[in-house]
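The values are calculated or read from the model by the stated rules, or taken from the named source; none is laboratory data. None of these values were measured; they are calculated from a predicted model. Reconstructed Cβ throughout: ideal geometry from the backbone, glycine too, with neighbour counts over all protein chains shown. Protein only, heavy atoms only, side chains kept; ligands, DNA and RNA dropped before computing areas. Shrake-Rupley method; radii C 1.70, N 1.55, O 1.52, S 1.80 Å.
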Amino acid sequence: MRALLLDGHVSFRADYPRPTPSGDDVLVRVSMAGVCETDLQLVRGYMGYSGILGHEFVGVAESGPYAGRRVVGEINCACGTCALCSRGLATHCANRTVIGILRHDGAFADYLVVPQRNLHLVPDSVPDEIAVFTEPVAAAFQVLAQVAVNAADRVIVLGDGRLGNLCAQVLAGVTSHLLVVGKHREKLSLLEARGIRTALLDGAPADRSADIVVDCTGSETGLPTALTLVRPRGTIVLKTTVAGTQTLAWAPFVIDEITLVGSRCGPFGRALLALDRREVDVRPLIQERLPLERGIEALELATQRLKVLLEVSRG
Ligand SMILES: [Zn+2]
Ligand SMILES: [Zn+2]
């Protein structure tokens, strides 16, 4: 099968062996996949991953109870038996593999293998180019699953990229005191068009008045910047993962009693509902659609553009 392989560097392979599912695993034929900041970080060495890239996908199940139907898949493949799984923390399973990120081949390929329990059926009303956003939209909803956000809370989303846009749209459903701070006027304008207030970084409020700051910058500057925006006893939600080591003066967290919340994968059911109801509009984010063969180019484009989609199979 065709596959985009990371093994020190990225290469396109036309002759990669098709995976064979075992146990409760299901073979999924990939229809479409999305390039995400994490993929770009993996290419730079984050997680030391080697294997097929790609964790945002929609496809058709080839086997199992959903055979022949369109599916999306949660990316954490848990053992179901370790202490963390037993405590309901399956996304933190000590023995987990993560699709396209940790010891599990990903979706930038004709086929991938996904545990049946990770799969969710896609409603007929949600086309592939919308459904492919389920994973990142779920990650945006995870902020609400972890932090109680009230209608009166002043929330700043830091970053106007893919995840920043989605987090902003999700938070806009909860608070009207939302501000997105970014560096790109054209990316911010997409949010302005949805009635979301935005500011360029140098125009961000200097009064440290935000109750909650969500760092979606994907940059090591995100957390220090968030510290300049959050109020004492406020909360910083960290969505950014960066390859390598970051240095930071930690004293401000103590002095100002800041709560720092790391935030990763989220609820697929809620994300599919939001996409179906158009609570979150992902279409404006789609800036490129390339065939799988042009995957290397897609990864390069994704450093500049918003969402780059890989069209893997048709019909
Ligand atoms: Zn992702
Ligand atoms: Zn486990």
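Rounded to 0.05, the FRET efficiency of the Ser209 and Ser189 pair, given R0 = 25 Å and the Cβ-Cβ distance, is 0.55.
Multiply the residue separation of Met47 and Arg13 by 0.36 nm, subtract the distance between their alpha-carbon atoms, and state the gained length in nm to one decimal.
Full extension of this stretch gives 10.0 nm more.
Residues Val114, Val254, sorted by accessible area with the largest first, give Val254, Val114 [1.4 Å probe; ligands and nucleic acids excluded]. Cα centroids of the stretch 185-238 and the stretch 251-315: 18 Å apart. Computed about its Cα centre, the charge dipole of the stretch 208-267 is approximately 100 debye, with only Lys, Arg, Asp and Glu carrying charge at their Cβ. Specify the inter-centroid distance of the stretch 25-44 and the stretch 96-148, based on alpha-carbon positions, in whole Å. Taking the Cα centre of the stretch 96-148 as reference, the centre of the stretch 25-44 is 9 Å away. Once the 1.4 Å probe is applied to the protein heavy atoms, the stretch 47-116 comes out at 39 Å² accessible per residue. Sorting His104, His55, His184, His9 on solvent-accessible area from highest to lowest, probe radius 1.4 Å, gives His9, His184, His104, His55. Largest accessible area first, the listed residues Met1, Met32 line up as Met1, Met32 when surface is computed with a 1.4 Å probe on the assembled protein chains. At the residue level, Ser125 shows approximately 70 square angstrom of accessible surface with a 1.4 angstrom probe and all protein chains present. Its DSSP H runs of at least 4 residues, each contributing -39,500 (n - 2.57), put the calculated 222 nm mean residue ellipticity of the chain at -6500 deg cm²/dmol, to the nearest 500. Atom-type composition of the exposed protein surface of the chain places 50 percent of the accessible area on carbon and sulfur (1.4 angstrom probe).
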